[in-house]
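This report refers to the structure that appears directly beneath it.
The values are calculated or read from the model by the stated rules, or taken from the named source; none is laboratory data. Worth saying up front: this structure is predicted, and the values here are computed from it rather than measured. Here the Cβ is made from the backbone with ideal geometry for all residues, glycine too, and neighbour counts use every protein chain on show.
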Amino acid sequence: MRRRLTPYLLALPSWLWLAAFLVVPLAAMASVSTQTGNVVDGFAQTFSFGNYADALGRYSTQLVRSLLYGGAATLAMLAIGYPVAYWIAFRGGSRKSMYLFLLLLPFFVSFVLRTIAWGFLLADDGILFGTLKGWGLLSPDFHVLATSFAVIAGLTYNWLPFMILPIYVGLERVDPRVIEAAYDLYATRFTVFRRVVLPLSLPGVFAGVLMTFVPAVADPINAQILGGTNNTMIGNIIQVEYLTNNNYPTASALSFTLMAVLLVGIFAYARALGTENVLEAAAR
Amino acid sequence: MSSGRLLKAYTWLVIIWLSSPIAVMILFGFNDKKSKSNTSWQGFTLKWYHQLFEIDGLTSALVTSLLIAVVSTAVTVVLGTLLGLALGRHRFRGQGVTNFLVFAAISTPELVMGASLLSLFVSANLPRDALTITIAHVLFSLSFVTVTVRARVLTLDPALEEAAKDLGATPWATFRQVTLPAIMPGVAAGAMLAFALSVDDYVVTSFVNGSTMTFPLWIVASVKTGIPPQVNVMGTLIFGIGVVIAVANSIAARRRA
């Protein structure tokens, strides 16, 4: 009897935590999203689903922009990261873990701090462009900060290791004998890559896309620090609506829409792959 | 140049790119800046290292961050280790739902997590302070510790525990002297991850902090007025300590193996 109860007792504290602080808050947010009122007089539940239409009408630009920036950054990470993962997995030799460690170095610096430092590098009069301008190699009007490029570059910079690692794990699992077999059957190097290595690495690519696209779309920091005033993303809007305007219903409706858009994708993804696989990739 | 060499050079280029902001952060901790902005190099100084703790708000924000990280890590490690054991060692009803919840907590965007927690705290009229920050940090670290411990539990040979029981060990003694030491590397890795996630978090914290300031929140708040070089120095020291711990840990792991 006691043994049967053990797993439940072990899981109970975490269940309570996840129920109280993940499930209940999401329900609270769903409830707030259809309320009306203001912060002074209080909010009341009126099932006003018009909040969603209203929020989307006002902020569809930022929502679409976030998906575009996140998507562009994810594609950039994939293009930049895949060759790195490939080289470390197949040619890293005995130094594989050293290369992985070097790729993870940025994580020893606080996320906001490294975004700010990246902003330093891109600053108009900073050590990079300031110097080039001093030498007359760049026009004095040249600037990168406060452009969409700066935000996408920041997002790419911040999550690149999360793209490289799962792809690396996927490639690392490819059995070298399978590749040898392909060569024995007279496949060219390109064919081996396209028909053998690439398909086998796809689960890693999927995990990488998942781990980078979601946080990149919902990130407020890069747009705030690198984007100036014309590149506001949905994360900034939600923060301002919640924390500055105290417009909880609109902010909740926006958060819910964002989550719906992202989670529908995630769970479709996880169903296709199995949550265990995705979690395992996430744990590495 | 062969394609292998080309890729090697390319990999190094990416590593340098990823590390360049770190170099900038370290460098500007030594910058003898005169004006308010700290973006151009004006000479070498150790001044900011001497005056490291002279900005009260910054120092107390750092202390708050470290305290919250210690407490939330302790709670997370207990909860996550127990759940990791349950998921890795046992088959039980509700396992699928539990896996789903663990997965949901990892994949919920931070922004949504912060916003939903604030919705709850606002609805329940709960004041936001260090306690609500700690609650949130445990929430987003829990899944990572669980997954790390579970992975370790799965590599464990159940025969070890059976042997301990056959030798007359009580369940508690078996846990203390056999199971726990065996899963310890997973628990330690989870604890380090939880600590790092907590100290680093900006997004979730920004929703549930009330007027409490953590290190990342203080930094973002000071972007507009100019970030004092002390922030760079603190970042540099945290970076150095983190790297030393990680390297020592991997050397120790290699020795054990």
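The table below lists the values:
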item: Residue list for segment A:144-156, restricted to those being among the hydrophobic types (A, V, I, L, M, F, W, C) and either in contact with a strand residue (DSSP E or B) (Cβ under 7 Å, 6 or more places away or on another chain) or part of a helix (DSSP H, G or I) (or both); result: A:149, A:150, A:151, A:152, A:153, A:155
item: Tally of residues being closer than 19 Å to residue B:240 by Cβ, free of Cβ contacts under 8 Å to residues at least 24 places away in the same chain and not β-branched (Val, Ile, Thr) across segment B:7-26; result: 5
item: Segment B:232-246 residues that are facing chain A (nearest Cβ under 7 Å), paired with ones that are of a type in the set (Phe, Trp, Tyr) (beta carbon under 6 Å, 6 or more apart); result: B:239/A:108; B:242/A:108; B:243/A:108
item: Subset of segment A:205-251 that is away from chain B (no Cβ under 11 Å) and among the hydroxyl-bearing types (Ser, Thr, Tyr) - its residue that is nearest to residue A:34 (Cα to Cα); result: A:250
item: Matching residues in segment A:25-65 - criterion: being among the hydrophobic types (A, V, I, L, M, F, W, C), within 12 Å of chain B (Cβ to nearest Cβ) and in contact with a helix residue (DSSP H, G or I) (Cβ under 6 Å, 6 or more places away or on another chain); result: A:26, A:28, A:29, A:32
item: Segment A:181-212, residues that are over 20 Å from residue A:85 (Cα atoms) and without any contact (Cβ under 8 Å) to a residue 12 or more places away in the chain; result: A:181, A:183, A:184, A:185, A:186, A:187, A:188
item: In segment A:24-55, the residues that are in a helix (DSSP H, G or I) and surrounded by fewer than 15 Cβ atoms within 10 Å (Cβ to Cβ); result: A:27, A:50, A:53, A:54
item: Any hit, segment A:157-171, residues being in a loop (DSSP other than H, G, I, E, B), of a type in the set (A, V, I, L, M) and touching a helix residue (DSSP H, G or I) at 6+ places or on another chain (Cβ under 8 Å); result: no
item: Search result, residues across segment B:185-201 that are part of a helix (DSSP H, G or I) and within 15 Å of residue B:68 (Cβ to Cβ); result: B:191, B:194, B:195, B:196, B:197, B:198, B:199, B:200
item: Any hit, segment A:109-121, residues being surrounded by 24 or more Cβ atoms within 10 Å (Cβ to Cβ), free of Cβ contacts under 8 Å to residues at least 60 places away in the same chain and small (Gly, Ala, Ser); result: yes
item: Filter result for residue B:25 (closer than 30 Å to residue A:83 by Cα, in a helix (DSSP H, G or I) and modelled with pLDDT under 95); result: yes
item: Within segment B:44-157, helices (runs of 4 or more DSSP H) holding 1 or more residues that are surrounded by fewer than 22 Cβ atoms within 10 Å (Cβ to Cβ) and at the interface with chain A (Cβ under 9 Å from one of its Cβ atoms); result: B:56-89, B:95-107, B:110-123, B:130-154
item: Qualifying positions in segment A:238-266 - aliphatic (A, V, I, L, M), crowded, with 23+ Cβ neighbours inside 10 Å and over 15 Å from the mean Cα position of the chain (by Cα); result: A:238, A:251, A:253, A:254
item: Filtered residue count, segment B:212-231, keeping only those that are without any contact (Cβ under 8 Å) to a residue 40 or more places away in the chain, in a loop (DSSP other than H, G, I, E, B) and farther than 23 Å from residue B:27 by Cβ; result: 0
